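Heads up: the structure comes next, in structure tokens.
The values are calculated or read from the model by the stated rules, or taken from the named source; none is laboratory data. Given the structure is predicted, the values throughout are model-derived calculations rather than measurements. Here the Cβ positions follow ideal geometry from the backbone for every residue, glycine too, while neighbour counts run over all protein chains shown.
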């Protein structure tokens, strides 16, 4: 499948999830900005995929990233970030959301498993009430987009 075909609107994603569930697939969801893809991102995405059959990635829109990370972010556009994520073997579908959190998208997907980084306390994980199970992933120390930007800016 071409990477661009994995990028779904919220409506198309809902239909895709419905079809996957009808086929007996276990749906996993994770989300983030994924601004400059690095080893930490790849690790969490591969971990998330191992939790089920299909991995849906909620991707913060450009406006959402700016609100969360500041006016100099994102480095890469939402279209580019979505395409890079969709090209990864571990990712089944990508959906861009415009809000600051993926609450509405998670509510729409109702994943079997919701995966977030270990830097979040269970009570802080947005959308946990819509998932059958929540799993946290221990982040790789020192791997972050912010660190990459600082290193390149020196």
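Quick notes
- Considered as a group, the residues in region 8-45 that are over 17 Å from residue 141 (Cα atoms) and within 12 Å of the chain's Cα centre (by Cα) include one that is modelled with the lowest pLDDT, and that residue is 35.
- The number of residues in region 96-139 that are part of a strand (DSSP E or B) and over 17 Å from residue 44 (Cβ atoms) comes to 2.
- Selection of first residues in region 118-141 that are farther than 20 Å from residue 49 by Cβ and of second residues that are at pLDDT 90 or above and assigned to a loop (DSSP other than H, G, I, E, B), restricted to Cβ pairs under 8 Å at least 6 apart or on distinct chains, gives the following pairs, ordered by first then second residue: 126/101; 126/102.
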